[in-house]
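Right, one structure below, let's go through it.
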Amino acid sequence: MFFNPDILHLKLNKNYDIAYSILKDILEQKIPDLRKTERLFGLQKARTVQELIRDFIKNNPYGGRKVRPHNPDTPMDITLARNALESDTEYQNMHSSILLNRMPEVKLLEKFYGNYSSHVMKIFGKYVKLNLKRKCEIGAATHLNRVGALVYQLKMNDEGTYDYSATAALHDSIEDLVNLRSRSDGYIDTDDYDRFLDENLPAELRPQIKILTNYYNLILTYVLGILEETDRSFSLKNIICEIEKVTTVKKRELSGSAEKMIELFRDIEAEGGLIEHLRWECYKKLYLEGIAEESSRKNDHRIYEIKGVDLSDNAHGKGALSIDARIRNINKNLMWGVKGYGMKSTWKPFNAHIQEIIEDAYQSAEYLILSDMLRPHSPSDFMMSALLKIIKLEDVFYI
């Protein structure tokens, strides 16, 4: 059976089985019996913890939803491909240079990116020059290289071509490297955007790179910059007002995205943490849906599959993220998988990757809860923390 590394490590804890049994009870809306809680938390603390669980179950009914079953036959294609890649000397030589913020020789990239190696090298060079970093503080180009090389290792390229691995290596380039600017009249200027595409991205790969680009995030970042420059508050009204100006440009990827954002935002109630809330709503309701629609329209599910490999890589390095970011990452992987099933593809590798990513997300969610339950101190506090995480991960735990 598939186990992700976090769960494998946690299973070494002598109390893992009893903690897992209590988690199953909670998810099934059952109060764990006192004997169980005493075994895990001790005689003096067991009743307090049991009451917390009782109150949680009473106030958080899941309306008849079923607990998501584990898939004992989960494929391990992505995991095995990642392991093989990490044992590949050519990959390690290439990747270690990028980790050190140095550019590898083009010939090292050719195995993975073929005729697009010079384009990939150019983009990696821009990341290095700008010193763009991930949350874990290593260079952001490492993520692009891991995703691109993993797509190659998964044999997603058509025979003799490198379109998909190169697309994967370039998938974040527009969002990360393009700074949208405004003209003197306050409307958006697309000259720099056009120049970036023309000078850096192969024409034949631009359509799929655009599909994978989160234009909603790009536009929102631009709008927030305008509001800051003009000393206006980040209110929902002001944000919508500036997004309306973006709808006037002729670039459909920008104007069309802006139109969808306005429609979505008009139904959103302003609340605390507004900006992150807007980004998350765009991701859930516009961005992922857009990749699925365009992949289906082009009859090319590999574009959507690249996004899955991207999310899998983010999950693989989730230890450097905050708890909220880890929960978002788990939910993103689950959403990608569920939407992927909805595409009803008959492509077996695609469906195998969906199964693996969903199971990995599920086990990652369990890890967050169980690691709280297995803390040796302050059991009531950590149990309360675990219960609150279950609420945020409801769609992972229930179907």
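Scanning segment 231-248 for residues that are free of Cβ contacts under 8 Å to residues at least 12 places away in the same chain and surrounded by 14 or more Cβ atoms within 10 Å (Cβ to Cβ), we see that the one that is nearest to K260 (Cα to Cα) is C241. All conditions in (1) in a loop (DSSP other than H, G, I, E, B); (2) modelled with pLDDT of 95 or more; (3) over 25 Å from A325 (Cα atoms); (4) out of contact with any Lys or Arg (no Cβ under 6 Å at 6 or more places or on another chain) hold for G186, with the sole exception of (2). Just one of the numbered conditions (1) surrounded by 21 or more Cβ atoms within 10 Å (Cβ to Cβ); (2) of a type outside the set (G, A, S); (3) touching a residue at least 24 places away in the same chain (Cβ under 8 Å) is not true of T161: (1). I'm checking my understanding of the structure. Among residues of segment 340-350 that are out of contact with any helix residue (DSSP H, G or I) (no Cβ under 8 Å at 6 or more places or on another chain) and on the phi < 0 side of the Ramachandran plot, which one is surrounded by the most Cβ atoms within 10 Å (Cβ to Cβ)? Within segment 340-350, the match that is surrounded by the most Cβ atoms within 10 Å (Cβ to Cβ) is K348. Looking at segment 251-268, which of the residues that are modelled with pLDDT of 95 or more, of a type in the set (K, R) and more than 23 Å from the chain's Cα centre (by Cα) is farthest from Y287 (Cα to Cα)? That would be K251.
Here segment 364-380 is the region considered, the condition is being touching a helix residue (DSSP H, G or I) at 6+ places or on another chain (Cβ under 9 Å) and without any contact (Cβ under 8 Å) to a residue 60 or more places away in the chain, and the residue that is surrounded by the most Cβ atoms within 10 Å (Cβ to Cβ) is A365.
Being within 16 Å of G256 (Cα to Cα) and hydrophobic (A, V, I, L, M, F, W, C) is true for just one of I219, I209. Which residue is that? Give the derivation first.
Numbers: I209 fails: within 16 Å of G256 (Cα to Cα).
Result: I219 is the single residue among I219, I209 that is within 16 Å of G256 (Cα to Cα) and hydrophobic (A, V, I, L, M, F, W, C).
Of all residues being more than 15 Å from R326 (Cβ to Cβ), in a helix (DSSP H, G or I) and among the aliphatic types (A, V, I, L, M) in segment 374-390, which is nearest to the chain's Cα centre (by Cα)? Just the residue, please. Steps first, answer last, please.
So the first thing to find is which residues in segment 374-390 are more than 15 Å from R326 (Cβ to Cβ), and the list is 374-384, 387.
Narrowing the set further to residues that are in a helix (DSSP H, G or I) leaves 379-384, 387.
Checking which are among the aliphatic types (A, V, I, L, M) leaves us with 383-384, 387.
Values: M383: 27, M384: 26, L387: 23 Å.
Ranking the candidates gives L387 first.
Residues are listed down the side, and each one gets a yes or a no for (1) surrounded by fewer than 20 Cβ atoms within 10 Å (Cβ to Cβ); (2) part of a helix (DSSP H, G or I); (3) at pLDDT 95 or above:
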residue: D324; (1), (2), (3): yes, yes, no
residue: N333; (1), (2), (3): no, yes, yes
residue: V338; (1), (2), (3): yes, yes, yes
residue: E356; (1), (2), (3): no, yes, yes
residue: Y362; (1), (2), (3): no, yes, yes
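Can you find a residue in segment 119-130 that is more than 19 Å from A81 (Cα to Cα), free of Cβ contacts under 8 Å to residues at least 24 places away in the same chain and aliphatic (A, V, I, L, M)? Yes; the residues of segment 119-130 include at least one that is more than 19 Å from A81 (Cα to Cα), free of Cβ contacts under 8 Å to residues at least 24 places away in the same chain and aliphatic (A, V, I, L, M).
Report yes if some residue within segment 55-63 is more than 14 Å from I391 (Cβ to Cβ), modelled with pLDDT of 95 or more and charged (D, E, K, R); otherwise report no. Scanning segment 55-63, I find no residue that is more than 14 Å from I391 (Cβ to Cβ), modelled with pLDDT of 95 or more and charged (D, E, K, R), so the answer is no.
Does segment 288-295 include one or more residues that are over 16 Å from the mean Cα position of the chain (by Cα) and without any contact (Cβ under 8 Å) to a residue 60 or more places away in the chain? Quick ask: steps written out before the conclusion?
The initial filter retains those residues of segment 288-295 that are over 16 Å from the mean Cα position of the chain (by Cα), namely 293-295.
Then keep just the ones that are without any contact (Cβ under 8 Å) to a residue 60 or more places away in the chain; that gives 293.
Among the residues of segment 288-295, at least one is over 16 Å from the mean Cα position of the chain (by Cα) and without any contact (Cβ under 8 Å) to a residue 60 or more places away in the chain, which makes the answer yes.
The values are calculated or read from the model by the stated rules, or taken from the named source; none is laboratory data. Predicted model only: the values in this text are computed from it and were never measured. Because the Cβ atoms are built from the backbone with ideal geometry, glycine has one as well, and the counts that use them run over all protein chains shown.
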